[in-house]
Structures are given as C-alpha cells and as structure tokens.
1. Among V754, V733, V659, V679, which is the only one that is surrounded by fewer than 20 Cβ atoms within 10 Å (Cβ to Cβ), β-branched (V, I, T) and either within 31 Å of the chain's Cα centre (by Cα) or at pLDDT 95 or above (or both)?
2. If a residue must be open to solvent by 50 Å² or more (accessible area, probe 1.4 Å), more than 21 Å from K140 (Cα to Cα) and either part of a loop (DSSP other than H, G, I, E, B) or touching a His at 6+ places or on another chain (Cβ under 6 Å) (or both), how many such residues does the range 72-113 contain?
3. Across the range 461-481, which residue is nearest to the chain's Cα centre (by Cα) among those that are within 16 Å of V381 (Cβ to Cβ) and assigned to a loop (DSSP other than H, G, I, E, B)?
4. Quickly run through the range 759-773 and pick out the residues that are part of a helix (DSSP H, G or I), open to solvent by 50 Å² or more (accessible area, probe 1.4 Å) and among the hydrophobic types (A, V, I, L, M, F, W, C).
5. Determine the pairs where a residue that is touching a residue at least 40 places away in the same chain (Cβ under 8 Å), located within the range 620-631, has a partner that is acidic (D, E) with Cβ atoms under 8 Å apart, the partner being 6 or more residues away or on another chain.
6. Given (1) open to solvent by less than 30 Å² (accessible area, probe 1.4 Å); (2) farther than 23 Å from A533 by Cβ; (3) touching a residue at least 60 places away in the same chain (Cβ under 8 Å), where does V296 come up short, assuming only one miss?
7. In the list G329, G291, G321, G317, which residue meets the criterion of being open to solvent by less than 10 Å² (accessible area, probe 1.4 Å), modelled with pLDDT under 95 and not acidic (D, E)?
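The values are calculated or read from the model by the stated rules, or taken from the named source; none is laboratory data. Treat the numbers as computed from the prediction; the structure is a model and nothing was measured. A quick note on method: Cβ atoms are made from the backbone with ideal geometry, for glycine too, and the neighbour counts reach across all protein chains shown. Note: accessible area is taken over every heavy atom of the protein model, side chains too, but ligands, DNA and RNA are not part of it. Shrake-Rupley method; radii C 1.70, N 1.55, O 1.52, S 1.80 Å.
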Amino acid sequence: MPRPDPRMVTFTIDGLEVTAPENSMLVDAAKHGDVEIPVFCYEPKLGAPVGACRMCLVEVEGIPKLQTGCSTPVKDGMVVHTQTDRVKQAQEAVVEFLLINHPLDCPVCDKGGECPLQDISFGWGGGRSRFIEPKRHFQKPLALSPLVAIDRERCILCYRCVRFSQEIAEDYQLVLEERGAHTYVSTFDGHPYVAPFSGNIIELCPVGALTSQPYRFRARPWDIEGSGSVCGLCASQCNVTFTVRDDRVLRVLGRDHAEVDDGWLCDRGRFAYQSIHVDERVTRPMIRDGGELREVSWERALDEAASALQRANGRVGAIAGGVTTNEEGFLLQRLMREGLGSPDLDSRPGGTLPVEMHRALSAPAAQATVADLEFAHTVLVLDCEPVDDMPIVDLRIRKGVRRHGVKLSVATSRPSSLDRNAASSIRFAPGGGEAFLLALSAAFDLGRRSEGERLAQAAGVEFDALRALVRTLQAGEDVVVLYGERLVSGPRGAQAARALLDLAERLSLLGDRAGAGLLCVPASPNGRGLAEAGVLPNAGPGFSETAAGRDAATIAAAAREGELTALYLLHADPVTELPGRAGWEAALERATTVIAHANFLTDGVREHATVVFPAESYAEKDGTLTHPDGRLQRLRAAIGHPGDTRAEWSVLADLARRVGLDLGILTGPMATAQLAEAVPFYAGLTLEEIGGKGVRWQARDAAGAFPAVEPEPSAEPDATAEAAREEPPPAPVPNGRLRLGTFRSIWNATEVRVSPALHFLHPDMRVEMAPADAQRLELFQGDHVVVGSDGQVVDATVTVRAATPEGTVFLETNALVGPLLEVRKA
C-alpha cells in the first residue's frame, strides 16, 4: 500500500488547541502540543497498542470512564484532560501498584539515572505507599542468553520484550509463563534467547529488568557521554549512539532514524564494539623483518611503504573494503591513478561491470529507499538473504508484510528466513541468477514460452512458477526489487545486469517513480560509496570515464604472473574475504610488497603483509559513508585513537606526498570537500548539510549532474535477446555429485570472533544439505566432512536442513558462487 497521507485534525488538551494527524494515538498527538502523557507498555515501533500498564489514563469529555491515551485515537474536536484530580489519583494508584514488589535498588540498577520508572514515579507518583509487606524476591540475575540478563523482581509485565520477539523479529523465543500475579518473562522451553536482534529488548525495557551482560555494572549515567555516529559493520549503516567512558566504548544504543534503521539494531552492531578494545587490535605500524612482523615508528613504516610503491610504480594493485569511508576511497584512487600511474583498483569482490551498467543501476530514477520496502505493493527479494547481508532490512520487510499487506516474493538459491512471510518462494540453482532473470523476462510474454522454458531449465526452476511470479509482480503498482551484489557478479555479471535492467523496465521501475525501484545490497558496508568515489577499475569519481584497469580477480592473476609487484589492501584481506582463496594466497606470496591497513592480523595480513598500518575502527573515524539507497551519512569519532593509530586520510595523504603527489589535504573536512568537488552529483555537499540524519544525494539539485545513461535500457529492446543468445550456462545436473552454493552468516566476521561477548556466535565452517542427500551420503548432523571444488578442499561440519533443495549444498563462506563439488567424510 502507498504511504498514508495523514489528515490533520484539531483537538483540545489541557485547554490548548493542538493539531495532529487524525487517528494517531493521544499519547503521540499530545506531543504536538508539548504535553507529556506517561507510558510504560506503549512503544509505537511495536505496532498496535495493548493498553497493559494503564499509566496513560486520561479524561475525555463525553466519555464517563478514564481512557488509556495509548490506545485512544484522536478525533477532530476531542477535548482531553490530563491534569484533573481523577487522572492524578488514577496515575498515582498505578505507580503505587507497580512499586508494590519492584525493588528500590536504584543505586545499583543499571537503569538508574536513565529509567522511565524513576522519572514517572517522581513526576506522577504520590510519593508514598500503603503497602508495607515484604517484597517478592527471585534469583538474580537470570541469563536469558549470554548477552541479556533478567532481574525478574523488577519486571512490570509491560510485554514490550515479548511483543518484540513475537511481532517484530518474529523469532517467537520469548513467552510469558504462568498467569496472574505469577506471570514472568521466559524463553520457550528454557532455551537461551539467541537471535540476530535479541539485544533490542534491553533498550525496550522501561524498568531495568533486562540488562546487557557486557555493560552490566560498567558505568553510571552521570559518568558517561553519548556520541552519535553510524555503525560501519555492514551495509545497513544503522544510526547509533556510542556510550563512552574514559575514552572507551562501553555500550552501543540505537539512534532512531525512520529512513534507515527504524530504531532497531542487530546484535552484531550492538555488541561487537568490544572488538575495538581487545588485545588483538593492531595499534602500531609494523614491517616484516626477518620473516616476522615487528612494530616500528611511523616514519620508518611510511618510508618503507613509499619506497616500495615507487619501485613498483605502474605495477601496483589496490583493493578497498570493510569500513573504508568515501574520503579514504577517493584519496586511495588518487594515490593509485595520479601518484602511482596504476588504474588497477577495485572495491567489488565479484568483478567489474561496464561503466554504463554501473550508471544504469545507480541512476537516481531507478533507486528505491529502505522505507519503500515497507509501503510498496510488492517486494521481490532476489539472490540475497537480508538477515545476513543487511539485517535491518529483514525487519523492515517483515513490518511491511505484517502491517501494510506488502506482497513478498523471494527468489534465491538458498532457503530464506523470509520464506514464511512470502506469498511465493522460488529456488534457482546456485549461480543461476542470470538465467533466472532471462527466464522471468520471457515469462512476461506468453509468445516466448518455449524460450522461457529453456531458460528456466538452465536456471533450475519451473516455468509455471515464473508465470505465477509475473502475475504477482504485475498485480502491484509499486514494486521494489531488492537484489544482492552477487547477482551481478562473476564472469557474466554484465549479462546479469542487462537482464536485471530489462526486468526493471518491464516493471516500469526506471522512470523516477516514488515508492518503487531497485535497491542493491552491496558486498561491503560502503560498497556504493566506494563505487561513487571512483574505487573501480573502469570508472573514476562519479562514474566518470577513465583508463580501464584490472578488477579484483585479474589483479590477483596479474600478481601471480608477476605483472603486478605491489598490492595495497585498504581494510581488506582478500584471503578471507574474496573468492578464490588459493589464488589470492599465491598472489600475495608472489608480490614483493603488500601494504595493508588492518585492525587485526587476519590470515592474509599475518602471512603476507610487508607493511601494516594500524587502521581506525568505525568508532574512531571521521568521514562519510553512502547508504545503499544513496543517503550520505556522517561518521563521527566517539573516542580517541588507541596506541599510535592515525587517521587514515592523513596516512594516505602522507604516503602520497612521499611518492611525489601532494593531495592538498590537511584536515578530514578538506578531503570531504575534494570528494564533493570531484563527484558531480555530490556538488556543494558539506558535512554540515549531512548532519546527524544524512542526506540522499538523489533528493538534491546536484542529482541532475548524474552522468547520462547511454544507451538507455529502453533504447536496447534486444538487450535480453542478445543475452539469451549468449546462453547462460545451464544448471549442473547432480547425477551423484552436488551443486555448490555459498552463503555468509551475520556472525561470520572478525569483529564477532574477537569480541568476548559474541565469540560464542562465531560459526565454524559448515555445509548445509538436504536430508535426502545426507542419507545418500550416509552423513548425519554434526559430522565432519571434506568439501572439494575446483581442486580446493575445506573442512566443514554437516548441518541437515529440511528446506535445502535436493542436489545442492551450501557452504558458509564469503565466496560468491561455485560449480559442482563432492562431499566426503573427513
């Protein structure tokens, strides 16, 4: 359904005339008149109110009984009173009732000083109690999970946590046990509450019953400070507030932004802050001396790196990833192209696309927003798993289906967590995204049925299922296609991009339609920003024309052949993060110089780096990131640099100066200004304009400077036919062997592995397979196996999953696609 266009009404509250949206709840409408109505159970992010706590009682003229302000919609002409004696007596009685058994342990409670119950008790309570009986006591704290503790005697049964679990995250792990006065919050069957979004219940709890295990007893509100910034651990780029004490991050809270995160955080973003302060953190420059990395001064490290880069001038390759900011990416491409005479740099792990494809997929008219996922008529999730790739988007899609009737369709190789919410789910063969798109385009035209059936067979799907999907897509006016970068990656990425654009044209998504369009889930947290900043082998800043260079895969091949002698890794370890581990290991071994900016000594950095610069964490950076929907957001430093860590824009500028290129950068904002000048559609953008909420560049006047898409997809009626003539490779037939798909888990990250609180979630290598395949291979859940493909073998643990398509197994890795493979017991 389209976004509602609210009708404003006027009502009176405490003698004030207030204008507010019609049918908004009195609690929210009163805020338009700067009137506060106290609440405990009400939280608009949780959906429809339940009216459980009765704290929000108000008097409405014409209604004899007091009404709950959280569940009473405002109407035109309504007269409301919140200060009458009846209301005050009722509110005092509710506070008195809540405090009958609530412990008065505010001096030791983590919520003390920032607790709604404290504030409401002082503001609306009577200051006395008629109850003198001993309070109830329970064992405390009880661990709901290794991350969340509950003090049962503090709980006021507001239901917020249970409602989040059942209605927002839809993991259904939290329940209310027993009844009446004996009711308490527990987990289903007593199992620990382990889920991607479990930490949100800590912030939702209004009384300190739910507390963070890592933060418990670490600080008090009067000796901490909050610092607003952006989480840089995944493409969601959620807005956060860092809780800082003594220059250390002690907690991460959500910073509500309806257009980005809807006020929620995943547990990785909430708890992985611990990785900032672990002993494994690289905090001093290192060079390889005698086969070992040893700490040295900045002068020596920079001199060593600059000398090596000058010797390799013109034969240097660079890879950027991780939480590389727009400014760092822009300076890196200047260093490479202007200082070292090399266009060989990349930020996409899956290979490059023609520059016209980049422009067409990023064009302002084709872009959907995260909020569009909530209000579109139809959402198609294509070759991505939001809960792992961009977690907050998973919650937004669920919200759209639950509240607004969005028709969800899922088309992926691996079973999706959204399948249960979807009106239709289609599985295609791993790596068969291009064939799927071509078959789907053919399914729009019944006259192309024979061609469509051939392409559907190549994708490993049924043509009739595609026809049903076409009917679903055509039934909705506004359609959002959420696709993963892996869909347009690999050797046939350009063909897949053409097929995707053809689908978008058929759905009228390329004509600047509000509420509809394409939304890409990039492979790295700032994938879109780095592409727009020019960290591509065939495009400069703003997708401008430039001398073509090598992409990530060919950089590795050139290094193996000795054509490139130096590699520059900016927040990237290709051994652990890019496809083709063996090839990258050989490339790094052959290269005479490997310069890395790293937070941790991961496999590739530890074994092959010749110079290591300590990298900033996302809590220490100043700069900007670009959200997948085009919103530029500002990173602000919350803490100082540990050890000898320096701002990375200054390291890049210093290094450029030593190789003979003066970038003219003296401060971080100067780098932002240069970026805005170099990217035409960022023109005039300033850090002040970005502010705390960010700004979508598509909404600015400078968006008109986006390079023209030539040729326009509409001017290529034969694009799909041409791609079809090239015949995408057919889906392999298992015949005793298995098709290999790959996936990455939200928990498969270095930050998770090194964080003490999250370490238990870091997964071992696992392989998912269907029960029939496991039975045929005489394998059982938990068996250790060897997975072999393309001459490479890895050890993994078997996970039997009923929804996995027979004949296909999925290996947990960061690689993108894979061919046939074999699985045998270890």
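1. Values: V754 fails: surrounded by fewer than 20 Cβ atoms within 10 Å (Cβ to Cβ); V733 fails: either within 31 Å of the chain's Cα centre (by Cα) or at pLDDT 95 or above (or both); V679 fails: surrounded by fewer than 20 Cβ atoms within 10 Å (Cβ to Cβ).
Sole residue among the options that is surrounded by fewer than 20 Cβ atoms within 10 Å (Cβ to Cβ), β-branched (V, I, T) and either within 31 Å of the chain's Cα centre (by Cα) or at pLDDT 95 or above (or both): V659.
2. The number of residues fulfilling the criteria is 4.
3. Applying the filter and picking the extreme gives D478.
4. F760
5. Correct list of pairs: K621/E648; G623/E327; G623/E328; T624/E327; T626/E532; R631/E259.
6. Among (1) open to solvent by less than 30 Å² (accessible area, probe 1.4 Å); (2) farther than 23 Å from A533 by Cβ; (3) touching a residue at least 60 places away in the same chain (Cβ under 8 Å), V296 violates only (3).
7. Details: G329 fails: modelled with pLDDT under 95; G291 fails: open to solvent by less than 10 Å² (accessible area, probe 1.4 Å); G317 fails: modelled with pLDDT under 95.
From the options G329, G291, G321, G317, the qualifying one is G321.
Here is a yes/no grid of residues against (1) hydrophobic (A, V, I, L, M, F, W, C); (2) assigned to a loop (DSSP other than H, G, I, E, B):
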{"position": "L380", "(1), (2)": "yes, no"}
{"position": "C384", "(1), (2)": "yes, yes"}
{"position": "V387", "(1), (2)": "yes, no"}
{"position": "V393", "(1), (2)": "yes, no"}
{"position": "I397", "(1), (2)": "yes, no"}
{"position": "G400", "(1), (2)": "no, no"}
{"position": "V410", "(1), (2)": "yes, no"}
{"position": "P415", "(1), (2)": "no, yes"}
